[in-house]
1. Identify, please: which residue in the range 116-161 is over 23 Å from L201 (Cα atoms) and among the acidic types (D, E) and is, among those, modelled with the lowest pLDDT?
2. Please enumerate the residues belonging to the range 151-191 that are within 26 Å of G93 (Cβ to Cβ), touching a residue at least 40 places away in the same chain (Cβ under 8 Å) and of a type in the set (A, V, I, L, M).
3. Conditions: (1) within 28 Å of G61 (Cβ to Cβ); (2) in a helix (DSSP H, G or I). Q134 meets all but one. Number of the miss?
4. Please go through the range 159-188 and pick out each residue that is part of a helix (DSSP H, G or I), crowded, with 20+ Cβ neighbours inside 10 Å and touching a Gly at 6+ places or on another chain (Cβ under 8 Å).
5. What pairs come out if I take residues in the range 86-98 that are under 19 Å from H170 (Cβ atoms) and pair them with residues that are basic (K, R) and buried (at least 23 other Cβ atoms within 10 Å of the Cβ) whose C-beta lies under 8 Å away, six or more apart or interchain?
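The values are calculated or read from the model by the stated rules, or taken from the named source; none is laboratory data. Only a predicted model underlies this, so the values are computations on that prediction, with no experimental measurement involved. Here Cβ is always computed from backbone atoms with ideal geometry, including for glycine, and neighbour counts include all displayed protein chains.
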Amino acid sequence: MTSAVEALERLRAGNQQYLAGDSALTKTHASSRSELVAEQKPFAIILGCSDSRVPAEIVFGQGLGDLFVIRVAGNIVAPSQIASVEFAAENFGTRLVVVLGHSNCGAVSATLQQLVKPSQSRSPHLSSIVSRIQPSVEYLLDANANFDIEEMIPHAVRANIEKSVNDLKHGSAILESLIAENGLQIVGAEYCLESGAVEFLNND
């Protein structure tokens, strides 16, 4: 079993390989696929945004079977995301969960715009995402009466990542038990669309 510390170092190293243009994606060969038919042992769980510019396997320089990836707009935490994390942590012994947000997140931007200029015509399904991001950014608006949305987005992205980390840490008795007794770690990270670098956040 890969410990959370080892998994985190492997992700850091993979992102460095990605930045250097030397990503180790050779595990996509047919032989690797056949080896993974019977079982999988992902060393990390990634809860990331659905944004097409942030594919977790690529930005972390990993291949088939390495990561258990859950993607949803705004990297929000809802019951289905919690259940997916629980499933992987319990069944595969995966001990690292990374909530991966990214710069200029469209879901976060949409939430800020909705708070500033509410729209009744918004899809109820999109509203369900906005409503989960909203609590993490409302206090930013309260603290900054005269703000520019573009200037606020970086702060809101970080706040949303931190909220998702907190929601996972405290939204599941199973995950709480794995954290307390089995070395599970849940951390936040932000991918920079401009540079390709992943910054791991201090979520203590």
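1. Looking at the filtered set, the residue picked out is D142.
2. I161, V165, L168, I174, L175, L178, L184, I186, V187, A189
3. Result: Q134 fails condition (1) only.
4. The answer is N160, I161, S164, V165.
5. Short answer, once both residue conditions are applied: A89/R95.
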